[in-house]
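Reviewing the structure listed below.
The values are calculated or read from the model by the stated rules, or taken from the named source; none is laboratory data. The model shown is predicted, which means the values in this text are computed figures rather than measured ones. In this analysis, Cβ positions are derived from the backbone assuming ideal geometry, glycine residues included, and neighbour counts consider all displayed protein chains.
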There are 2 protein chains.
Amino acid sequence: MKAAAGRGVTKASITLADGRELIYFGDSADAAAGYPDLRPLAKVEASSQVRYDPLLGEWVIVASHRQDRTFLPPADHCPLDPSRPGRLTEIPAPDYEVVVFENRFPSLVSAPGAAGGDDTAGDGLLLTRPGNGRCEVVCFSPVHTASFADLTHDQAALVLAAWTDRSAALAALPGVEQVFCFENRGEEIGVTLSHPHGQIYAYPFVTPRTARMLATSRRYQRDTGRNLFDDLLAAELADGSRVVSAGEHWTAFVPHAAHWPYEVHLYPRHRRADLQALTPAERDEFCDVYLDLLRRFDRLFGTPAPYISGWHQAPAGAGTQEFALHLELFTIRRAPGKLKYLAGSESGMGAFTNDIAPEAAAATLRGLGEGKPG
Amino acid sequence: MKAAAGRGVTKASITLADGRELIYFGDSADAAAGYPDLRPLAKVEASSQVRYDPLLGEWVIVASHRQDRTFLPPADHCPLDPSRPGRLTEIPAPDYEVVVFENRFPSLVSAPGAAGGDDTAGDGLLLTRPGNGRCEVVCFSPVHTASFADLTHDQAALVLAAWTDRSAALAALPGVEQVFCFENRGEEIGVTLSHPHGQIYAYPFVTPRTARMLATSRRYQRDTGRNLFDDLLAAELADGSRVVSAGEHWTAFVPHAAHWPYEVHLYPRHRRADLQALTPAERDEFCDVYLDLLRRFDRLFGTPAPYISGWHQAPAGAGTQEFALHLELFTIRRAPGKLKYLAGSESGMGAFTNDIAPEAAAATLRGLGEGKPG
């Protein structure tokens, strides 16, 4: 199946041997989709629940089929490489640009006919619902040893197009309330595949973090008549001491109350609710600014930084009036060889200690621009 | 200085060479306090701030002096062992039972005369306050190779007495709003000292997690006229499938919406606001139930389980009408050799995926009782 993704990006989808969907993005999509999945792949019986924690007021995903997931093959059998004769991977084509497919061991999976919210089980306080949703894998490049920071501007633009396309498609699924595109990079975060890739979660609930941001911004709007995201970005720009880089359309800064040793938030100057709302000029500049940020991160410690990067978007059908699309990027490394652990205070109480002053982190990152000594 | 801690427990405090306070607990406290700190210890210039994150509605601690903290000495120079001639440690006495002292590299430290809340700096959205508070270390045993699970009932009772004493004393400090007694155990959580010990944080704010529990329980009280903690405990007892162990006074269960692979919450049957409110009979039985739980955890994986354990108490001067004291114990290990990482979904969105069904976790823990095959 071939289709034109928005803004001139071509995509083509196929069905993998176990029934999962795979979508190629880019000019080569149509040709890539000509290769069938030749693996004798059994269907994974995935089942997922979400349960409500009434004390914390949040949903938790329970996906016990994942506990038995196979450990991943050795590096010379990377499942995210293109397929070659005699070595079949998750991606049937012999080459690709950007490809997205359903995770074989998903945390969230929709039951047939599921509509979400209608199947609440349990009486009173112990609520359970089907974990309707979807988990996808995004391969950024066919090159096993690359990383996002190695991509060209055009490759990054194609990933952004794929994120945008999938965010819209997944938000439209029955029962999905929020879509999160993110990348975990580095063994220190538990990543077992070094091939450059990210993930997309389509949740059947508004995530705890987004719910809090919506609550604070709505309270602020009520109290002041103003938008909290707008005022925060303006305050950071006016202060300036934590700004890392700024283009015509995007501003990257270490937030005043950063939780992590090196943490950067990247906002468009004009508030947008989600990825779909970005203009072509904003998309274009995003690639330059984001690639520059990732390269600064990789110069922090001499070795590639383990990081988590994710897009915060307005939930499906809520918050589009007040939420501000932005990307949050942080590393859990605080110094070469030293990690920031989430121990008792963070995991038990949600109270973070940051050992690096945000102004110092911003100054360090500012000094690590292209051509500067690393 | 010698003083009788509540409920017949003796304590005696001394001042370490750099001015920090150290307190011995137990019958030997007075004798132990006779040994002065003979180390030539320079005073650490600790400074701490807390900054408000207006989007998440929570405070973050910034303690940049900690970044330069010395790495800890090799195992044969454990700073938590008692001192011996020629080998002086943090604890001057040649023996002790339980000892508590101020952390040399604290996340929170009160400036002289600080009262908290009066020194808010920053205009508008970028708020900073002094990080008034205190961080203490609790040594559970003088035996370097022991763990909490190895303690006798009476040793555990002395630790509980120390937690109770310190919770009350720290809650009374100017500017302190909440006290958290916890233990991080295991290298996997970043613990670099294997000597059995825990920590106490006295925060100048109500922690994010406790603030949420107070908000949900107050809303529930308003909506139903009932107490949320009471009703949740009753619902878990009525269901029974997740109860791990139960005594006359305490119930241990895996919560219906557990966030972690093996997570147990331990509640007294009668709601108490904080450690001080426990009766002698509740204190007595707690030691048996908790030691049994820790021993079950250590039988889960063949090797000692890395865990985080912490006491959730009502904040100082707030929530005593509705909050329910309880202990939360969880391991970040989901199988031998496999850890649960907080990656994109958890760290970025606060959305947890639990790979082990809570009922299965409870059944496993029930099967690991004393004398049962591990």
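This table checks each residue for (1) touching a residue at least 24 places away in the same chain (Cβ under 8 Å); (2) farther than 19 Å from B:Glu58 by Cα; (3) at the interface with chain B (Cβ under 9 Å from one of its Cβ atoms).
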site: A:Thr224; (1), (2), (3): no, yes, no
site: A:Phe229; (1), (2), (3): yes, no, yes
site: A:Leu237; (1), (2), (3): no, yes, no
site: A:Val243; (1), (2), (3): yes, yes, no
site: A:Ala246; (1), (2), (3): no, yes, no
site: A:Thr251; (1), (2), (3): no, yes, no
site: A:Val254; (1), (2), (3): yes, no, no
site: A:Ala258; (1), (2), (3): yes, no, yes
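In the condition set (1) within 12 Å of another protein chain (Cβ to nearest Cβ); (2) under 22 Å from the mean Cα position of the chain (by Cα); (3) among the acidic types (Asp, Glu); (4) more than 23 Å from B:Lys340 (Cα to Cα), A:Asp165 is compliant with all but (1). Among the residues making up the stretch B:15-34, those that are touching a residue at least 40 places away in the same chain (Cβ under 8 Å) and in contact with a strand residue (DSSP E or B) (Cβ under 8 Å, 6 or more places away or on another chain) are B:Leu16, B:Arg20, B:Glu21, B:Leu22, B:Ile23, B:Tyr24, B:Phe25, B:Gly26, B:Asp27, B:Ala29, B:Ala32, B:Ala33.
In the stretch A:336-348, the residues that are under 13 Å from B:Glu328 (Cβ atoms) reach residues that are β-branched (Val, Ile, Thr) and in a strand (DSSP E or B) with C-beta atoms within less than 6 angstrom, at least six apart or across chains, in these pairs: A:Gly344/B:Ile308; A:Ser347/B:Ile308; A:Gly348/B:Ile308.
For the stretch B:11-48, the set of residues classified as at pLDDT 95 or above and of a type in the set (S, T, N, Q) consists of B:Ser13, B:Thr15, B:Ser28, listed by residue number.
As a summary of the residue check, A:Ile308 satisfies the conditions (1) within 7 Å of chain B (Cβ to nearest Cβ); (2) surrounded by fewer than 21 Cβ atoms within 10 Å (Cβ to Cβ); (3) within 30 Å of A:Leu173 (Cα to Cα); (4) not small (Gly, Ala, Ser) except for the one numbered (2).
Mind checking whether some residue in the stretch A:279-301 is outside any helix (DSSP H, G or I), closer than 27 Å to A:Val206 by Cβ and not assigned by TED's automatic domain parsing to the domain that holds A:Phe180? Within the stretch A:279-301 (the criterion being outside any helix (DSSP H, G or I), closer than 27 Å to A:Val206 by Cβ and not assigned by TED's automatic domain parsing to the domain that holds A:Phe180), the answer is yes, since at least one residue qualifies. Quick check on A:Glu263: is it modelled with pLDDT of 95 or more, crowded, with 18+ Cβ neighbours inside 10 Å and over 22 Å from the mean Cα position of the chain (by Cα)? Spelling it out, it is not the case that A:Glu263 is modelled with pLDDT of 95 or more, crowded, with 18+ Cβ neighbours inside 10 Å and over 22 Å from the mean Cα position of the chain (by Cα). Only one of the numbered conditions (1) more than 8 Å from chain A (Cβ to nearest Cβ); (2) buried (at least 17 other Cβ atoms within 10 Å of the Cβ); (3) not basic (Lys, Arg) is not met by B:Gln199, and that is (1). Under the condition of being within 9 Å of chain A (Cβ to nearest Cβ), in contact with a strand residue (DSSP E or B) (Cβ under 6 Å, 6 or more places away or on another chain), part of a loop (DSSP other than H, G, I, E, B) and more than 18 Å from B:Asp298 (Cβ to Cβ), the residues counted in the stretch B:312-350 number 1. Take A:Arg272 and tell me if it is outside any helix (DSSP H, G or I), at negative phi and in contact (Cβ under 8 Å) with a residue 12 or more places away in the chain. It is true that A:Arg272 is outside any helix (DSSP H, G or I), at negative phi and in contact (Cβ under 8 Å) with a residue 12 or more places away in the chain.
Quick one: in the stretch A:206-222, which of the residues that are of a type outside the set (D, E, K, R) and within 30 Å of A:Thr364 (Cα to Cα) is nearest to the other protein chains (Cβ to nearest Cβ)? Among those residues, the one meeting the criterion is A:Met213. If you go through the stretch A:84-120 and keep only what is at pLDDT 90 or above, part of a loop (DSSP other than H, G, I, E, B) and in contact with a Leu (Cβ under 8 Å, 6 or more places away or on another chain), you end up with A:Leu88, A:Thr89, A:Glu90, A:Pro92, A:Glu97.
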